[in-house]
1. Name, by its number, the condition in (1) touching a Ser or Thr at 6+ places or on another chain (Cβ under 9 Å); (2) exposed (fewer than 15 other Cβ atoms within 10 Å of the Cβ); (3) over 30 Å from Leu436 (Cβ atoms); (4) modelled with pLDDT of 95 or more that does not hold for Arg80.
2. If we keep just the residues of the stretch 448-476 that are polar (S, T, N, Q) and not in a helix (DSSP H, G or I), which is surrounded by the fewest Cβ atoms within 10 Å (Cβ to Cβ)?
3. For Arg337, indicate whether it is under 24 Å from Arg579 (Cβ atoms) and in a loop (DSSP other than H, G, I, E, B).
4. Take Lys20 and tell me if it is in a strand (DSSP E or B) and either surrounded by fewer than 20 Cβ atoms within 10 Å (Cβ to Cβ) or touching a strand residue (DSSP E or B) at 6+ places or on another chain (Cβ under 9 Å) (or both).
5. If I filter the stretch 301-334 down to residues being in a loop (DSSP other than H, G, I, E, B) and polar (S, T, N, Q), which single residue comes out as farthest from the chain's Cα centre (by Cα)?
6. Go through the stretch 217-252 and report how many residues are under 14 Å from Arg277 (Cα atoms) and at pLDDT 95 or above.
7. What are the residues in the stretch 552-567 that are loosely packed, with under 15 Cβ neighbours inside 10 Å and assigned to a helix (DSSP H, G or I), if any?
8. Of all residues being aromatic (Phe, Trp, Tyr) and over 19 Å from the mean Cα position of the chain (by Cα) in the stretch 477-527, which is surrounded by the most Cβ atoms within 10 Å (Cβ to Cβ)? Just the residue, please.
Amino acid sequence: MIVKDPVCGMPLDPEKANFKTDFLAKQYYFDSEYCMRSFIDGPKIAYFSMEIGVDSNIPTYSGGLGVLAGDVIRSGADLRLPLIAVTLLSKKGYLRQKITSDGKQLEYPEEWEPSKFMKLLPQTTTLKISGRIVKVGAWVYEQESMTGGTIPVLFLTTDVEGNDPEDRGITDFLYGGDEAYRLKQEIVLGIGGQRILEALNINVKKYHMNEGHSSLLTLELLRRNNLDADKVKNLCVFTTHTPVAAAFDKFLYDLFSKTLEDEVPLNVLKDYGGSDRLNMTLLALNLSKYTNGVTEEHMEYSRKLFPGYHIQEITNGVHSHYWTCPCFRELFNKYIRGWANEPELLVRVDVIPDEEIWEAHQKAKQNLLDFIHEKAGVTMDSNTLTIGFARRATEYKRATIIFSDLERLKEAQKDQKIQLVFAGKAHPKDVMGKKLIEEIYEYIERLKNDVKIAYLENYTMEIAAKLTSGVDLWLNTPLPPYEASGTSGMKAAHNGVINFSVLDGWWIEGCVEGLTGWAIGPSPDAIVSEEDRRKRELNDIYGKLQYLILPSFYETRDAWINMMKNSIGKVAYYFNTHRMMQKYASDAYL
């Protein structure tokens, strides 16, 4: 058996390796003492995220934020970055979704057993929450790469013997419970996470907060640095993903004082977190030297929300190898050697023959259609233009906008048919999100003689991978400017799927009309009324579908395949987390 040095990537025979050591419950082998010392004692980037999606079978994610964090970990391992991640265990998951025959969402705990995927570390730390001492433990998951790189992910848990029964449940449900429960989770993540790293003797150079959920770690850093804000700022990096002020986590100071005592004086806390309520985004902004949004448009919008702050941009991406389906992996391996660890090489996609691109796509499409038949009981045609829409079920995503004018929809696909597949979970408290799912089920019934429509329940990363590789066209219709980035269309592009999207988030940067895909509606900076914007969106959805997209798919297959290649060579080559993490390394970490 051959292993690789996690620092330099040198292949080694474990039996002959002169340097080896245990680190976080795993044995590692090294080419030199320098590599061994660098790996154990060298400065690390501590990446904090409320949710991280490392595996479909580990339901510690709810949507794009957690899936992106998982891709950060994967690319970090590929690039052998000195990263360690911290998140919550969420032992009962986010939610397991069941949908009734009339479209009503039912939610159940997503029970899973951590010991099947990770190891429990012996070290613990303590917090004082609501007047009680709470022990915090950590499970470690090792994200390994073929390059030899390894990123440990620490999953924090309060389900520790000796804790009060109420406290043992703090880390049970991702985004569960009331405001007090959410605050306790963020205390465990931010302050507990920092203390666990200290208990493990991890040498942390930078703390990267992925959204504001973990920003309480800045209070722990303030306390440990005698309230010296400049020292704390030089330790912290903050990435905001939220384009709407109302969506930032905010807590009443009365609740905060009852829940967490004496971390820093209240007057000092209000200086950094806001005078009215504790604003977790503001706290992170005020105590981070480097802050960024996740697209160019989101950076500009964030600067308007927080005037005077130097907010930069690093556009999101996805992990190229993980989100490329087996059919296309095989094709890229054949024609574009090294693409998996250098995704920019996908720009060479034109060397792949058209017929092989189409054959790979048809295999991925049939895999999806077989899955739809198995899970939803809907039989779809592999020769019909298949449109996918899958993301968190919430109002601003506008999942039902394509059904706004049923007569125009019927007219658009009267001669050249479409079929639609949806997926997505609504948060248990999101009434409008649940209503959207019910509405889609109503349209399934109303259009049963005109358009085949399927809804796949319990949307997971596994289902996302099947959808983003198996449909022909990826539909995205958020209400601008609520989509800070979005990443599902990037996943689709890696599989030659063409995007048809509102110009919001990443698609503003990725869309070259008629070349890499199609836009829906005017650009975000166009000065038009909301009524006119909606009219233009609907005109584009039905007009471009009828007069551009369907004729191209059915009548000019060569042109369609050329656009598929453009999706890969002009979109996927750039919108990936390898490029993103290299940017973080050069701009934020060094």
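1. (2)
2. That would be Asn449.
3. So Arg337 fits the description; yes.
4. It is true that Lys20 is in a strand (DSSP E or B) and either surrounded by fewer than 20 Cβ atoms within 10 Å (Cβ to Cβ) or touching a strand residue (DSSP E or B) at 6+ places or on another chain (Cβ under 9 Å) (or both).
5. Thr324
6. Counting residues in the stretch 217-252 that are under 14 Å from Arg277 (Cα atoms) and at pLDDT 95 or above gives 3.
7. Correct list: Glu555, Arg557, Asp558, Ala559.
8. Per the stated criteria, the residue is Phe500.
The values are calculated or read from the model by the stated rules, or taken from the named source; none is laboratory data. Just so it is clear, the model here is predicted, and its values are computed rather than measured. Virtual Cβ from ideal backbone geometry, glycine too; neighbours counted across all protein chains shown.
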